[in-house]
Amino acid sequence: MAKRLKIAFVVARYGEKVNGGAETECALYADYLSENHDVTVLTTKALDYRTWKNEYKEKESVEKGIRILRFNVDRPRKMDRFNKLTQRIRKEGEKPELLKSWMEAQGPSCSELSSYIKENRDNYDVFFFMTYLYATTYDNIEAVKDKAVLIPTAHDEWAVKLSVFKRVFETPAGLFYNSKEERAFVEANFNVKGKLVNDKGGVGVEEHKTGLGTPSVKGLKKGEYILYTGRLDPHKGVEDLVEMFNRYKEENPSGLKLCLAGKDAGAKVWGEDVICTGFVSEEEKFNLIDNSCFFVMPSKYESLSISVLEAFSMKKAVLCDADCEVVRNHCKNGNAGLYYKDYYEFEACINYMLSHREILETMGANGADYVRESYSRDAIKKELEIISLNIFDRNRA
């Protein structure tokens, strides 16, 4: 029987109320490994990445069988300052003091977490650091580098190439990639030769029941809306999606709606044919997917996209931005969706999908087969087990 390891996941936010792909992925990985190992999640008390406000009260809790330790963030995030620093770097280039200020503004700085990791490095066999971007990884990965595995969730965005992140990618003993595209990107931009890596990444996506009744959101009819689930963030392409959809409705009048299901969705008026739900439960999310016509992913920057895989698992075709290599390849490899480069292709794709319902259903069925074959829970769990045990063995040698 394989050794039972003590494993820590280090992530900026964690919990059922947290809306984010990387955080969801972290929770799934923690769940997979907890079946055979002692797993602890080390995180902050923040709920919102825009403020890093300490909202969770308890330091220690057990959620879904996983031990959680939450630490106070040192200071709140001021997005105006962060955005101004970002603009300065993009205009003036990289300067040491400017980069330092940018990283501090990025956050979340958490001295309690850093102290805990340094004091307890010998109490854990493996540390998984979730996403390259935040200070929870940047500030702490070097302290446990021989036991560290970075789950980068990297894609070709401007921030990843800032010199401050070179150390983050090149310090850990291992890297756990979401996709072959992500691995190729990281290997092309960082010196990561000789590190332990996984052969197969992503998350295990469970098959979900269909036929879940009528849509749970007022104003939506079964099969008469397009769905997006996730953060309503400019970086996710949501504003561009809404702009194109509203233009589409002006030029192609119909009863078609666009549903945006994500936290704070109701804070902005997007248009009379755009329905915002705010944060939804898992049950509500799958009800919305099941009753949608098809799923849309407007983001240009994804390292995996759990949302797309969940839509596939419920036999829904996907429409995505052609600039996102990972999601585009999901659609191509699974023969389960279409992609667009501009408004005119966006319009043409929607019209084709709406007027070819049999093909749309076939693409949805193809997507379910693709997820079943490529993203099984057992396969991903095995990869996590292998890299964890390899880290342990390397340090014991």
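Some observations on this one:
- Residues located in the stretch 230-257, provided they are closer than 19 Å to Phe286 by Cβ, under 22 Å from the mean Cα position of the chain (by Cα) and either at pLDDT 95 or above or surrounded by fewer than 22 Cβ atoms within 10 Å (Cβ to Cβ) (or both): Arg231
- Counted residues, the stretch 299-326 - those being of a type outside the set (D, E, K, R) and in contact with a Lys or Arg (Cβ under 7 Å, 6 or more places away or on another chain): 4
- Meets criteria (surrounded by 21 or more Cβ atoms within 10 Å (Cβ to Cβ) and either among the β-branched types (Val, Ile, Thr) or out of contact with any Pro (no Cβ under 8 Å at 6 or more places or on another chain) (or both)) for Thr131: yes
- Residues located in the stretch 60-69, provided they are without any contact (Cβ under 8 Å) to a residue 40 or more places away in the chain, crowded, with 16+ Cβ neighbours inside 10 Å and within 21 Å of the chain's Cα centre (by Cα): Ile66
- Hits in the stretch 80-99 (condition: within 18 Å of Leu133 (Cβ to Cβ) and surrounded by 12 or more Cβ atoms within 10 Å (Cβ to Cβ)): Arg81, Phe82, Leu85, Thr86, Ile89, Glu94, Leu98, Leu99
- Glu23 meets the conditions (1) of a type in the set (Asp, Glu); (2) within 22 Å of Tyr138 (Cα to Cα); (3) modelled with pLDDT of 95 or more in every case but one. The failed one is (3).
Matching residues to (1) under 22 Å from Ile7 (Cα atoms); (2) at pLDDT below 95; (3) not assigned by TED's automatic domain parsing to the domain that holds Ala30:
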| residue | (1), (2), (3) |
| --- | --- |
| Ile68 | yes, no, no |
| Lys91 | no, yes, no |
| Lys95 | no, yes, no |
| Gly107 | no, no, no |
| Leu113 | yes, no, no |
| Ile117 | yes, no, no |
| Val126 | yes, no, no |
| Phe129 | yes, no, no |
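- Criterion: surrounded by fewer than 23 Cβ atoms within 10 Å (Cβ to Cβ) and over 11 Å from Met363 (Cβ atoms) - qualifying residue of Glu310, Glu302: Glu310
- Residue check, Lys45 crowded, with 19+ Cβ neighbours inside 10 Å, charged (D, E, K, R) and closer than 24 Å to Asp80 by Cβ: yes
- In summary, helices (runs of 4 or more DSSP H) completely within the stretch 337-397 and bearing 3 or more residues that are surrounded by 15 or more Cβ atoms within 10 Å (Cβ to Cβ) and outside the structural domain of Gly194 (by TED's automatic domain parsing) occur at 343-355, 357-374.
- Members of the stretch 279-291 that are more than 11 Å from Ser216 (Cα to Cα) and either assigned to a helix (DSSP H, G or I) or modelled with pLDDT of 90 or more (or both): Glu282
For (1) out of contact with any Cys (no Cβ under 7 Å at 6 or more places or on another chain); (2) in contact (Cβ under 8 Å) with a residue 24 or more places away in the chain, each residue gets a yes or a no:
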| position | (1), (2) |
| --- | --- |
| Ser303 | yes, yes |
| Ala317 | yes, yes |
| Cys324 | yes, yes |
| Cys331 | no, no |
| Tyr340 | no, no |
| Ile359 | yes, no |
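The values are calculated or read from the model by the stated rules, or taken from the named source; none is laboratory data. Being a predicted model, the structure only gives us computed values, none of them experimental. FYI the Cβ positions are ideal-geometry reconstructions off the backbone, even for glycines, and counts take in every protein chain you see.
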